[in-house]
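Colleague: Input: one structure, supplied below.
Rule-based calculations on the coordinates, nothing more; no lab input. Keep in mind that this is a model prediction, so the values were computed, not measured. Quick reminder, even Gly has a Cβ in these numbers, built from the backbone with ideal geometry, and neighbours come from all protein chains shown.
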Amino acid sequence: MPSYKRYLVYFFIISFFASCSLKEQTINEEKKVKEFIQVESKPFDFEDYYVMYALEMENIRMYETAGDIYLKLFENTNKYEYLAQYTTIATQFQDYEAVKEQIEKYLLPNIKEEELLIRLYGFALLRLEDYDKALEEALKLTNLYKSSINYELLGAIYASKGEFNNSYSALQEALKYEASVTVMQTITSLEFFNLNKKEEAIKNLKDYLPKSEYNLNIALQLLAFYDSLGQKDNIKNLLKDMFLYYKNSEDALQLNKTVGFMFQNFEVNELILFLEQNNIEDDLLLELYKRTNQIQKAYELLDKLYKSSSNIDYLGQQAIIEFELAEDKKSSLNSVIKKFDTILETSTNPIYQNYLAYLLIDYDIDINKGLILVKKALEQDPTNIAFIDTLAWGEYKIKNCKEAFKNMKQIVDEIGLEDEEIKFHWEKIKECKK
């Protein structure tokens, strides 16, 4: 099948499989009032046993085995509900030849399972590229049973035959029964790519997007259309709308995906401005402040985030920034150490353990406590260079020069002396060892 036809049929396939449950088949309102013929069944002593076995196979996801059991059940009982289960499973596993063979062999008109079996049969013919026969079955299906998915099948078959106007008409009929995501995707794809109705396709997607609760597939299709037309501003505006919707609905998965697209289409400062204008003070804005080295803004945001959430990680980041920003480091020590003491009452984060340890050691405040803390940090991350440096510096401070030299040499051998602080520690510890 040519690639453009595969693209158009794709949306129907997604909808089709979503509508084919392995465990139950819904009966629409039309079928509730329709009189079906009664098919005479055959007695089968092992029916209950086979049904339990099939259900167990489904429960452990051995669906193909379950399908084989349902086929045996049908052959032994003549109950079409089992043929429906078998062909549904065979369709899911793309065994279209088997679906075609069994339905051609056993289908009877005007039975309760007729709609499902004709639909599965038509779909199998479509996938086997017998388009004329598939079209014949789909027309029969929509004549007998009018529903969205049946007209979707008809539309997919017309699209596969290159009859795009007929496909469009069938999908418009599908809309009368249900304005589903897949119907909208397929219709707008036809409008955009095949029927020279690009603006109409975009308008339809824009109108449907809020009705779909900002379904990500609809949003992505609209983004793709904008991208195809080079409409960068529309891309940005749509991404902003998506972000605000997913943020307010607390849909973390879709929000994260949208943020990824925003990073591809926005400059960092554009994103910061957008978040600030919408009073969105969260981890994303914090990350952007850090990326752009807006440390004071990051500090102020961390203060707000900590006060609103009591998340000690925010307090930890704030303590580090407070010390790094301080012009007079000694004057900030009491405040910073107090923050770290609060953090470590409930946290065993090795980064905070090491940071406090280094302050206590480097400023000769409580070297023994510093050594205890850095050793706890090293228990969690024994190869961390920063932690080993803190330990070596603490050992130096208590004149344990041999241990200090051993630890510091390990660092120098691994990363050299380019870092000024490492170089300073190394020189001091070498002198101590002598």
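Colleague: Would you compute, for the Cα atoms of segment 271-347, the largest minus smallest coordinate along each principal axis and list the three values in descending order, in whole Å?
Modeller: Answer, in whole Å and largest first: 37, 29, 15 Å.
Colleague: Please state the charge dipole magnitude for segment 357-434, taken about the Cα centre, from unit charges on C-beta atoms (+1 on K and R, -1 on D and E), reported in debye and rounded to the nearest 20. Let's see the in-between values first.
Modeller: On the way: 13 positive and 16 negative charges, 102 e Å.
So the magnitude is around 480 debye.
Colleague: Okay, next question. About its Cα centre, what dipole magnitude does segment 122-226 give when the only charges are +1 on Lys and Arg Cβ and -1 on Asp and Glu Cβ, stated in debye to the nearest 20?
Modeller: 200 debye
Colleague: On full extension of the chain, what length is gained from LEU229 through ASN110, given 0.36 nm per residue of separation minus the C-alpha to C-alpha distance?
Modeller: Values: separation 119, 0.36 × 119 = 42.84 nm, distance 4.94 nm.
Extending this stretch completely gives an extra 37.9 nm.
Colleague: Return one number: the angle in degrees, 0 to 90 and rounded to the nearest 10, between the long axis of the Cα atoms of helix 63-77 and the longest principal axis of the Cα atoms of the chain.
Modeller: Tilt of helix 63-77: around 20 degrees.
Colleague: Then there is this: How much length, in nm to one decimal, is gained on full extension between LYS376 and ASN293, taken as 0.36 nm per residue of separation minus their Cα-Cα distance? Before the final figure, lay out the partial values.
Modeller: On the way: separation 83, 0.36 × 83 = 29.88 nm, distance 3.11 nm.
Here the answer is 26.8 nm.
Colleague: Mind giving me the nanometre distance, one decimal, between the label points for ASP241 and LEU55, set 7 Å out from Cα along Cα→Cβ?
Modeller: My value for the distance between the label points is 4.7 nm.
Colleague: Quick one: in segment 84-169, what % of C-alpha pairs are over 17 Å apart? Please report the intermediate quantities before stating the final value.
Modeller: Details: 1554 of 3655 pairs.
Beyond 17 Å sits 43 percent of the P(r) for segment 84-169.
Colleague: Which of ASN256, SER310, LEU126 sits farthest toward the positive end of the charge dipole of the chain, with +1 on the Cβ of Lys and Arg and -1 on the Cβ of Asp and Glu?
Modeller: Going by the Cα projections, it comes out as SER310.
Colleague: Next question, about the same structure. To the nearest µm²/s, what D does Stokes-Einstein give for segment 326-410 at 20 °C and 1.002 mPa s, using the Kirkwood radius over alpha carbon pairs as Rh? Before the final figure, lay out each step's value.
Modeller: Numbers: Rh = 12.9 Å.
Once the numbers are plugged in, D ends up at 166 µm²/s.
Colleague: With an 8 Å Cα cut-off and a minimum separation of 6 or more residues, compute the relative contact order for the chain in percent. Walk me through the numbers before you get to the answer.
Modeller: Details: 455 pairs, mean separation 30.3, N = 434.
So the answer I get is 7 percent.
Colleague: For all pairs of alpha-carbon atoms in segment 197-266, what percent lies in each bin of width 10 Å, listed from the first bin to the last filled one?
Modeller: Once binned at 10 Å, the Cα pair distances of segment 197-266 give 21, 58, 20, 1.
Colleague: For the pairs LYS376/LYS430; LYS257/LYS304; LYS307/LYS329; LYS247/LYS290; LYS297/LYS428, note any where the Cα-Cα span goes beyond 29 Å. Each step should come with its number before you reach the end.
Modeller: Values: LYS376/LYS430 26 Å; LYS257/LYS304 26 Å; LYS307/LYS329 25 Å; LYS247/LYS290 21 Å; LYS297/LYS428 37 Å.
Long pairs (Cα-Cα over 29 Å): LYS297/LYS428.
Colleague: Something else: Once label points are set 7 Å from the Cα along Cα→Cβ at both GLU163 and TYR363, what is their separation, rounded to one decimal in nm?
Modeller: 8.2 nm
Colleague: Using the Kirkwood radius over C-alpha pairs as Rh, can you work out the diffusion coefficient of the chain via Stokes-Einstein at 20 °C, viscosity 1.002 mPa s, in µm² per second?
Modeller: 77 µm²/s
Colleague: Mean residue ellipticity at 222 nm from the helices of the chain, using -39,500 (n - 2.57) per DSSP H segment of n ≥ 4 over the full residue count, to the nearest 500 deg cm²/dmol? Present the calculation step by step, with values, prior to reporting the outcome.
Modeller: Details: 25 runs with 329 residues, N = 434.
Here the helix-only value at 222 nm equals -24000 deg cm²/dmol.
Colleague: How large is the charge dipole for segment 271-347, taken about the Cα centre, if only the Cβ atoms of Lys, Arg (+1) and Asp, Glu (-1) carry charge, to the nearest 20 debye? If you can, show how the numbers build up before the last one.
Modeller: Numbers: 9 positive and 14 negative charges, 28 e Å.
Dipole size: approximately 140 debye.
Colleague: Additional query: If contacts are Cα pairs under 8 angstrom and at least 6 residues apart, what is the relative contact order of segment 357-434 in percent?
Modeller: On the way: 86 pairs, mean separation 18.9, N = 78.
It comes to 24 percent, rounded to a whole number.
Colleague: Considering only SER331, ALA319, SER189, whose Cα is most displaced toward the positive end of the charge dipole of the chain, charges sitting on Cβ of Lys, Arg (+1) and Asp, Glu (-1)?
Modeller: Result: SER331, furthest along the dipole toward the positive end.
Colleague: Taking the square root of 5 times each eigenvalue of the Cα gyration tensor, what semi-axes in Å does the equivalent ellipsoid of segment 158-291 have, largest first?
Modeller: Values: eigenvalues 227, 47, 21 Å².
Value: 34, 15, 10 Å, ordered largest first.
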